[in-house]
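Asker: Just passing along the structure, written as C-alpha cells.
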Amino acid sequence: YTGPESSTDNNKPGGDPMNIRNILGFVLITATTMIASAKSYNRMIVFGDSLVDSGTYGAVAGPRGGGIFTVNPGQNWVENLGQKLGLEVKSNRQEGFNLPVRMMGGLNFAQGGARISQNPGSGVDKGYTARSMADQIKLFTDAEKSFDNNDLVVIGAGAIDVLLQAQLIAAQKIDLKQALKNIDAATTDLSNLVKSVKHNGNPFILVPTLPDISTSPKSLEGGTASVQLFAILQNQFNEGVRTKIKGLTSDAQVHGWKIMVIHFDRLDQQIAKRPGFYGLTNLTSPACALNLLPADSALFCNEKTLVAPGADQTYKFADKLHPTPAVHRIMADFVNLQLN
C-alpha cells in the first residue's frame with residue numbers, strides 16, 4: 001500500500017490513453033481478484049478489543065443510541081472488511097453491566113477493554129466484562145473445537161496493555177524500563193496465541209499493529225511528555241509484533257500466505273502526511289461531544305452527539321482514542337488491498 005504517493009499526472013483526465021487503459025485493466029483485474037478472494041474464506045472470526053468489538057455492550061449502549069466504539073450507527077473496520085468479502089461479522093454475545101449473557105450467534109468474540117492474555121481488562125469498573133483475548137479464543141475452541149483451513153481470523157489487541165503501562169508510569173508504580181519489559185511480555189503472549197490458533201486448523205490469520213496512540217486526543221491532552229511516552233510504548237509493542245510474527249508471515253498472494261501483519265501504524269503515518277487525500281480535516285479532536293457521553297466513550301456516541309454535523313466523516317477520532325466510521329472504512333480498504 002503506497003497511499004497518495006502512488007498517483008501521477010497520467011492518472012488525471014486527459015492523460016496518456018494507454019496508461020488510462022492500463023488503469024482500467026488493473027481495476028478490472030482487482031475487482032475480479034476481490035470476488036475470488038471473497039470466495040476463499042468460509043468464515044471471519046474475530047478476537048480483540050474495542051477497535052473490533054461488534055456490540056458486546058449493545059444491550060446497554062443500544063437504547064442510548066450507541067452500540068460499538070465509534071460514531072453509531074457506524075461500522076468498525078472488521079465489519080467493513082467482512083462486508084467487502086461477503087462474510088458475516090456479528091457479536092458472539094452481549095454481556096456486561098451485570099446483565100445476563102445473551103448469545104448472539106456470531107463469531108466476533110472481541111470485547112471493549114480486553115487485554116491480550118491477562119484479566120481484568122480496562123473498564124470493568126464501568127461495567128465492561130473485557131474478557132482477555134486468550135479467554136475469547138477459549139470460548140471459540142470450547143464451542144467449535146478447531147478452526148477451518150479457510151477461516152479468516154483476526155487476532156488484534158494490545159492497546160489496553162500499552163495504556164495500562166502508561167498509567168502505571170504516571171502513578172509512579174513502575175519505571176519505563178519495567179513498562180517496556182511488560183510490553184515485550186505482552187507481544188510474546190500475542191505471538192503464542194497466534195501460533196496456537198495456527199496449529200489448531202491452520203486458518204488465515206490477520207495480526208494488526210496498533211494505530212498511532214501517541215497522536216490521539218488522550219495522548220495530546222498530556223502534553224509533549226505524554227506524546228513521547230506513548231510513542232515509545234506503542235513502538236515497542238508494534239516492533240515486537242513485527243519481529244515475533246515475522247517467521248510466520250509471507251508476502252505471497254492471498255492463496256499463499258497464512259499469517260499477515262497489518263501495519264496500521266504505517267497507515268496512520270500516511271494519513272498524517274496527506275489527511276485531505278483521505279477526506280479528513282481534523283486529526284486531533286474528538287468528533288463526539290464527550291460531555292454528552294457516559295464515561296466519555298464513543299460506545300454511546302451517535303449522530304446527535306457530534307460536535308458538528310458530518311464530523312463523523314471528516315474527523316479522525318470519535319472520542320479520545322477510537323476512530324470515526326470514516327477512518328474505519330480507510331482501515332478496511334487498507335486491509336482489503338493487502339488481501340488482494
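Asker: Looking at the stretch 168-184, which of the residues that are open to solvent by 50 Å² or more (accessible area, probe 1.4 Å) and in contact (Cβ under 8 Å) with a residue 40 or more places away in the chain is nearest to Arg242 (Cα to Cα)?
Answerer: Asp184
Asker: Please determine, by comparing only the residues of the stretch 89-129 that are under 15 Å from Ala143 (Cβ atoms) and among the small types (Gly, Ala, Ser), which one is farthest from the chain's Cα centre (by Cα).
Answerer: The selected residue is Gly105.
Asker: How many residues does the stretch 100-134 hold that are touching a residue at least 60 places away in the same chain (Cβ under 8 Å) and part of a strand (DSSP E or B)?
Answerer: 1
Asker: Would you tally the residues in the stretch 295-335 being in a helix (DSSP H, G or I), at pLDDT 95 or above and not acidic (Asp, Glu)?
Answerer: Number of matching residues: 18.
Asker: Looking at the stretch 69-97 only, could you name the residues that are free of Cβ contacts under 8 Å to residues at least 60 places away in the same chain and in a loop (DSSP other than H, G, I, E, B)?
Answerer: Of everything in the stretch 69-97, those that are free of Cβ contacts under 8 Å to residues at least 60 places away in the same chain and in a loop (DSSP other than H, G, I, E, B) turn out to be Gly86, Glu88, Val89, Lys90, Asn92, Phe97.
Asker: OK, next. Please report, ordered by residue number, the strands (runs of 3 or more DSSP E) entirely within the stretch 198-292 with at least 3 residues that are under 17 Å from the mean Cα position of the chain (by Cα).
Answerer: Correct list: 204-208, 259-262.
Asker: Hey, among Gly279, Gly201, which residue is among the small types (Gly, Ala, Ser), out of contact with any Leu (no Cβ under 9 Å at 6 or more places or on another chain) and under 30 Å from Ser146 (Cα atoms)?
Answerer: Sole residue among the options that is among the small types (Gly, Ala, Ser), out of contact with any Leu (no Cβ under 9 Å at 6 or more places or on another chain) and under 30 Å from Ser146 (Cα atoms): Gly201.
Asker: Any chance you could count how many residues in the stretch 37-67 are aliphatic (A, V, I, L, M), closer than 24 Å to Glu303 by Cβ and either at pLDDT below 95 or open to solvent by less than 10 Å² (accessible area, probe 1.4 Å) (or both)?
Answerer: Of the residues in that region, 2 qualify.
Asker: Hey, another quick one. Filter the stretch 61-84 down to the residues that are among the hydrophobic types (A, V, I, L, M, F, W, C) and touching a strand residue (DSSP E or B) at 6+ places or on another chain (Cβ under 7 Å) and list them by number.
Answerer: Val71, Val78
Asker: Taking the criterion of being in a loop (DSSP other than H, G, I, E, B), closer than 27 Å to Ser219 by Cβ, over 19 Å from the mean Cα position of the chain (by Cα) and among the acidic types (Asp, Glu), would at least one residue in the stretch 140-152 satisfy it?
Answerer: No: the stretch 140-152 contains no residue that is in a loop (DSSP other than H, G, I, E, B), closer than 27 Å to Ser219 by Cβ, over 19 Å from the mean Cα position of the chain (by Cα) and among the acidic types (Asp, Glu).
The values are calculated or read from the model by the stated rules, or taken from the named source; none is laboratory data. All values derive from a computational prediction rather than experimental measurement. Positions of Cβ are generated from backbone atoms using ideal geometry, with glycine treated the same way; all protein chains shown enter the neighbour counts. Ligands, DNA and RNA are excluded from the accessible area calculation, which covers all protein heavy atoms including side chains. Shrake-Rupley method; radii C 1.70, N 1.55, O 1.52, S 1.80 Å.
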